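**Student:** Supplied in structure tokens, the structure appears directly below.
The values are calculated or read from the model by the stated rules, or taken from the named source; none is laboratory data. Nothing here was measured: the structure is a model prediction, and the numbers come from that model. Reconstructed Cβ throughout: ideal geometry from the backbone, glycine too, with neighbour counts over all protein chains shown. We work out accessible area using only protein heavy atoms, side chains counted, and drop any ligands, DNA or RNA first. Shrake-Rupley method; radii C 1.70, N 1.55, O 1.52, S 1.80 Å.
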Amino acid sequence: MTFKKLYPIDQVEKYLLIDIVAIVFLIYKVIKTESSLGLSGKLLLISIVLLSHYVCLWYRDWRLLVGCFSGFGSLVILGVFLQKWLLLYGFIYADLLGRAKRKIYIGIGMVGIVMMYSLFNWLIDGHPFLFANSMLLPFMIVQLFIPFVVYTKEKAKALQGKLDTANAQLERYIQEEERHRIARDLHDTLGQTLTMIKLKSELTIKLVETDAKQAKEEMKDILNSSRFALKQIRELVTDMNFVSLEKEIEESKKILQTVGIELTIVENEKLPLLSSVTETMLALSLRESITNIIKHSQAKHCMITKYYQDKMYHIQIWDDGNGDLKKGYGNGIRSIQERMEKLNGTAEVNGSLNKGVSITLKVPVHTNEGGNAI
């Protein structure tokens, strides 16, 4: 039997050491404490506690509840015959309750926690609620909160996993669409020209022996067609390297909508036209900013504002997310700043916890009277 079959592999990193320490202390405390249970009774109760814990580790359905209630009952007996502080081991079951598949299981498990303390006080003092006047009360309250905290964290983790999967699928989809676009462009722009070159080459081979003059003319056409094909390739490569800012904004809107983030676009005035290099750099920086928002911000709303002021073209990207600049923003922000520096511009980044992040891109744009960038 491998280790994976003994202990859930997804919990090894966080919980294995804690479980081992807690179990060792429990066994030591129970064995060393004198009581009327006897060694066999103590070992039996320890076995029930460990078996209940093991069941709770592996199951998230009704069997989790059975394991928890079995563990609670064993802790009550240990508390009555040994020490009341052994009830604190209920924290282990409270933590595992938070991983239940359904909220109703968590609710029933919380009732079990209250019953554990009530039954203990009823057996010790003859009244089920005297623990309300003792130090056991705050510990019980904390145990009641733990399942909700763990449940919330597990939900957030699951949602983040789904979001990461969706992002990966979107990236693959975008790459596939780009490949299809390149294939269509190559077929539409070069296919006809290359077909014509092929036909003229076959015709020239036939004319070389019979009509040298006509063959020479055909060769000239082939040469001109080849030059035209080369020109088409250069134009294609240029189009591939150029990234339209407007198209990037539209793509960002579609992607943000897919992950449930609303995008607002604000353009206060007529803006000057940008050079191809400047527009591409801004578009790529915008793409990096949107990627960071999707992956790390947990935002619900995003706003892109464009305006021209003091001979500087401004783009501000704001989100209402967690505002944590440490989660993945580092490398992305550096690449954005490097692009802006190449344009003699700047990238200002401001973030505040739970108040979102604002990235302002500024690049110098000098225009002529027609409003074109120069």
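**Student:** For the range 97-120: of the residues being in a helix (DSSP H, G or I) and touching a Lys or Arg at 6+ places or on another chain (Cβ under 9 Å), which is most open to solvent (accessible area, probe 1.4 Å)?
**Tutor:** Per the criteria, the residue is TYR105.
**Student:** Checking the structure you have, find out if any residue of the range 190-199 is at pLDDT 85 or above and of a type outside the set (Val, Ile, Thr).
**Tutor:** Within the range 190-199 (the criterion being at pLDDT 85 or above and of a type outside the set (Val, Ile, Thr)), the answer is no, since none of the residues qualifies.
**Student:** Determine, yes or no, whether LYS247 is closer than 30 Å to GLU171 by Cα, at pLDDT 85 or above and open to solvent by less than 80 Å² (accessible area, probe 1.4 Å).
**Tutor:** For LYS247, the condition - closer than 30 Å to GLU171 by Cα, at pLDDT 85 or above and open to solvent by less than 80 Å² (accessible area, probe 1.4 Å) - is not met.
**Student:** I would also like to ask the following. Among TYR89, TYR151, which is the only one that is surrounded by 14 or more Cβ atoms within 10 Å (Cβ to Cβ), in contact with a Leu (Cβ under 6 Å, 6 or more places away or on another chain) and touching a residue at least 12 places away in the same chain (Cβ under 8 Å)?
**Tutor:** TYR89
**Student:** To continue, here is another question. Can you name the residue in the range 324-358 that is under 20 Å from the mean Cα position of the chain (by Cα) and hydrophobic (A, V, I, L, M, F, W, C) and, of all such residues, is modelled with the lowest pLDDT?
**Tutor:** Result: LEU325.
**Student:** Continuing with the same structure: Consider SER35 carefully, then state whether it is on the phi < 0 side of the Ramachandran plot and either modelled with pLDDT of 90 or more or in a helix (DSSP H, G or I) (or both).
**Tutor:** So SER35 does not fit the description; no.
**Student:** Next question. Could you list, in sequence order, all residues of the range 149-170 that are closer than 11 Å to LYS295 by Cβ and among the charged types (D, E, K, R)?
**Tutor:** Within the range 149-170, ASP164 is the sole residue that qualifies.
**Student:** Pick from the range 56-98 the residues that are under 33 Å from the mean Cα position of the chain (by Cα) and aliphatic (A, V, I, L, M): which of them is nearest to ASP19 (Cα to Cα)?
**Tutor:** ILE92
**Student:** Pick from the range 279-303 the residues that are farther than 22 Å from THR165 by Cα and surrounded by fewer than 20 Cβ atoms within 10 Å (Cβ to Cβ): which of them is modelled with the highest pLDDT?
**Tutor:** Here the residue is MET303.
**Student:** Starting from residues that are charged (D, E, K, R) and over 28 Å from the mean Cα position of the chain (by Cα), keep the ones in the range 11-31 and report whichever is most open to solvent (accessible area, probe 1.4 Å).
**Tutor:** Filtering the range 11-31 for residues that are charged (D, E, K, R) and over 28 Å from the mean Cα position of the chain (by Cα), the one most open to solvent (accessible area, probe 1.4 Å) comes out as LYS29.
**Student:** Any residue in the range 50-65 that is open to solvent by 70 Å² or more (accessible area, probe 1.4 Å), modelled with pLDDT under 90 and part of a helix (DSSP H, G or I)?
**Tutor:** Yes.
**Student:** Give me the residue from the range 172-189 that is modelled with pLDDT under 70 and among the basic types (Lys, Arg) and, out of that set, nearest to GLU248 (Cα to Cα).
**Tutor:** Out of the qualifying residues, it is ARG181.
**Student:** Determine which member of the set GLU279, GLU269 is touching a residue at least 24 places away in the same chain (Cβ under 8 Å), part of a loop (DSSP other than H, G, I, E, B) and touching a Phe, Trp or Tyr at 6+ places or on another chain (Cβ under 9 Å).
**Tutor:** GLU269
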